[in-house]
Structures are given as C-alpha cells and as structure tokens.
1. Pick from 35, 211, 136: which residue has the top mean-square fluctuation in a GNM of the chain where Cα pairs under 10 Å get a spring?
2. Relative to the first principal axis of the alpha-carbon coordinates of the chain, what is the inclination of helix 85-98, with its axis defined by its Cα atoms, in degrees from 0 to 90 and to the nearest 10?
3. So what's the angle, to the nearest 10 degrees on a 0 to 90 scale, between helix 122-135 and the longest Cα principal axis of the chain?
4. To test your reading of the geometry: what angle, between 0 and 90 degrees and rounded to tens, separates the Cα axis of helix 11-49 from the longest principal axis of the chain?
5. Please build a GNM for the chain, connecting alpha carbons under 10 Å apart, and tell me which residue among 29, 250, 165 fluctuates the most.
6. What list do you get for 15, 223 if you sort them by fewest beta carbons within 10 Å?
7. Relative contact order for region 61-169 using alpha-carbon pairs under 8 Å, separation at least 6, rounded to a whole percent?
8. Sorting 112, 133, 146 on the 10 Å Cβ count, fewest up front, what's the list?
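Every number in this text was worked out from the coordinates using simple rules, so none of it is lab data. This structure is a prediction, so every number in the text was calculated from the model and none was measured. Backbone-built Cβ (ideal geometry, glycine too); neighbour counts: all protein chains shown.
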C-alpha cells in the first residue's frame, strides 16, 4: 500500500494521467466536431434538394454529363445577352475549334455572325452570313439578317436583291415597301412615290409623314389624314410655327388643343389628354412636352423614334407616349449681370 501511494505521488505519474485526460478530451472533441460538420453538410444538401425541381434542367444536365461544349455555349449566350460582345465572340471562336460536327459548326458560324451584327461589325457579319448562305442558300434567318445589314449600310438595292431570294420562303411585301420608302427618302426622289405608298399602304404613314413634314410641310399638311394626327404628335409638336397650317388646325379639335398647349395659338383652355391639359392650365411656364417611344411588339421603350425596333427588329411598330418635363431655359435669353 505504501509503495502504491509513493507511485501515485510520483510527478511523472501525474503528468501521465494529465496527458491521458488531454488525449481523451481532444479525441472526443475532434470526433464531435467532425460529426457536427458532417451533420451540417448533410442538412445543407437536404436544403438544396428542395430547390432542385425548380432549377434549370439544362444547367443540371451539363454538370452531370460534364458537357464542356454546352457550358461554353451558354457562357457565350450570357455574354451576348449582357452586351459583352467581345467575350461572346471569343467563346464562339473557341467553340468552333472544339466542334467536329459540320452542322453544329455551321450553327456556331451563324451565331458568331449575329454577335458581330449586334456589336456593329457589319462587314464581318455580312461576310459570315454570305459564307453561311453559300452552304445553306435557303436559310431564312441568315437572309433576314443580311437584309438588316444592307439596311444599316443604306444599300437598299442589295437589300431588295436579298428579299427576292427570301420571297420564296416568306411574305416580304411589307419589307419591300419599307425599303422603297427608305430608298426614296435617301435619294430624295420624286415625292409622288411616297404619296402613292401613303395612299395605298397606310401602315407606313409615320415614316413618310416624318420625311414630308421635314422637307415639304405644305405637301404634308395637304395629304395627312386626321386619323394619323395622334400617331405623329411628336412630329407635329416639334414643327416651327411658320410650318403649321392654321386653317387645318382651326378645324380640328385635337390640333387646337396641341398648339394651344404649345402656345402657338389660343384656341383651347382644356384638353382630354392629361399632359396637354396640364400644360394648358399651368400658371407658370415651367413645363414642356417630351416623348418616349414604345415598340408595340416587344414593349421596349426608347428615348428616340425608330422605323425598325432596335430590339425585336419589327417594322412600323412604334407607339408615341407623352411625358411632361421641366422646361429648358433658353440660354440665349439670359443676360449676364
């Protein structure tokens, strides 16, 4: 018994017991922490599984199949959608090297041309689409984009040549009339062509009237139809007073309201159009009328007018919306003191 007590009082024995206790505590602490970590990871995985049903299946499949090409394709589309065209072009070029299938390479070529078109590299886009059409001459999408390129280059003769090929695949009469108007306006040909189009194809009225009110207001006032006044309210609003036909204005209620709000005449004190009514009843001359332009097809809004929607590329889909703005101070009228 005495010998045991002596060993117990031995300092080395105490240190050994202490180390054993430290090891036991450390061992259980480590395994407890490991267990808790695994439990948290499992809990997080179960939480994510709740959202898998609503996840994009295409992305999930890419991860499962390790489809690198598809991943690059989606990356290029993301860059294209965000407007980072340089990166989109770089990705498509890399994809073209990775792809072995001829048809897929052709599709990538066409997508590359579309990105070049959106980025404003029209000549590069034109060359690629021509190469694409050499392989597949009846590609409707490529033919459509080629007409858009020639439109932007203002080469309406070439655009019409492309339409002749496209005519076998779809109805292009509306586009032919549209390019005829643009060609007439560009070359300032006899306005009789425009008058005939305005008479027979009224859906192109805005493009024609915009040109006529700019170059020949008297002719424009003679031919403009009452039903078109509201569609060209921004054009009428921006006319100089000397170009306004007072006889026609005095006979039309809408025009009397418009030009009274403009302060050209004093015909009206009220208007059924809210923005005009505000201008007519303001005690101080602090507001002005401005406009924004909505595409009736894709519903996008633009600050400047268009004949072809910059977003969905549809023709004659513009709708004018009125907005009230603070009147700009005429700097020429200010005097320095």
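1. Its mean-square fluctuation being the largest, the pick is 35.
2. So the helix axis and the longest Cα principal axis differ by about 60 degrees.
3. That helix lies at roughly 80 degrees to the long axis.
4. Roughly 30 degrees between the two axes.
5. Highest fluctuation of the listed residues: 29.
6. Working: 15 10, 223 16.
Lowest count first: 15, 223.
7. Values: 96 pairs, mean separation 17.3, N = 109.
Reported as a whole number, the value is 16 percent.
8. Working: 112 22, 133 17, 146 26.
Fewest to most other Cβ atoms nearby, the residues stand as 133, 112, 146.
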